[in-house]
């Protein structure tokens with residue numbers, strides 16, 4: 001069994017790979033005009049602001065802040081998302097590629 005302390009990085013690494021290919025500057029445009037931003041592809045409909053009026057902006061940041069190679073703000077926002085009822089299920093990539101899988105291969109050789 002993987003400890004909770006070791007599991008958190010496993011989750012983030014798997015999610016980052018399958019959402020953006022580890023690209024902190026990834027930007028994807030949706031048909032509804034929203035954007036998916038950064039290494040975790042956080043969407044502007046709810047989580048960040050693209051200066052669109054009446055958007056919740058739960059993470060209280062601009063979407064462009066999520067494109068920064070310094071991942072501190074991005075990780076804080078992702079942690080807020082995981083605290084919502086849908087949790088990691090918010091990410092389709094998590095549901096299809098990471099959930100229920102053995103994630104230890106992502107950090108083989110790493111010392112935590």
> Among the residues of region 92-104, which ones are surrounded by 11 or more Cβ atoms within 10 Å (Cβ to Cβ) and either without any contact (Cβ under 8 Å) to a residue 60 or more places away in the chain or touching a strand residue (DSSP E or B) at 6+ places or on another chain (Cβ under 9 Å) (or both)?
Replying inline: 92, 95, 99
> Inside region 15-25, can you point out the residues that are touching a helix residue (DSSP H, G or I) at 6+ places or on another chain (Cβ under 8 Å) and either without any contact (Cβ under 8 Å) to a residue 24 or more places away in the chain or assigned to a helix (DSSP H, G or I) (or both)?
Replying inline: 15, 17, 18, 19, 22
> Out of all the residues in region 48-72, which are farther than 20 Å from residue 17 by Cβ and in contact with a helix residue (DSSP H, G or I) (Cβ under 7 Å, 6 or more places away or on another chain)?
Replying inline: 48, 49, 50, 58, 59, 61, 65
>> Condition check: in contact with a strand residue (DSSP E or B) (Cβ under 9 Å, 6 or more places away or on another chain), in contact (Cβ under 8 Å) with a residue 12 or more places away in the chain, part of a helix (DSSP H, G or I) and under 14 Å from residue 16 (Cβ atoms). Does residue 78 satisfy that?
In response: yes
> Taking region 81-108, which residues are within 18 Å of residue 43 (Cβ to Cβ) and assigned to a loop (DSSP other than H, G, I, E, B)?
Replying inline: 83, 84, 85, 86, 91
> When region 33-66 is examined, which residues are found to be in contact (Cβ under 8 Å) with a residue 24 or more places away in the chain, outside any loop (DSSP other than H, G, I, E, B) and buried (at least 17 other Cβ atoms within 10 Å of the Cβ)?
Replying inline: 35, 37, 42, 63, 66
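FYI, it's all coordinate maths here, none of it is from the lab. All figures in this text were calculated on a predicted structure; none of them were measured in a lab. Glycine also receives a Cβ, built like all others from the backbone with ideal geometry; neighbour counts cover every protein chain displayed.
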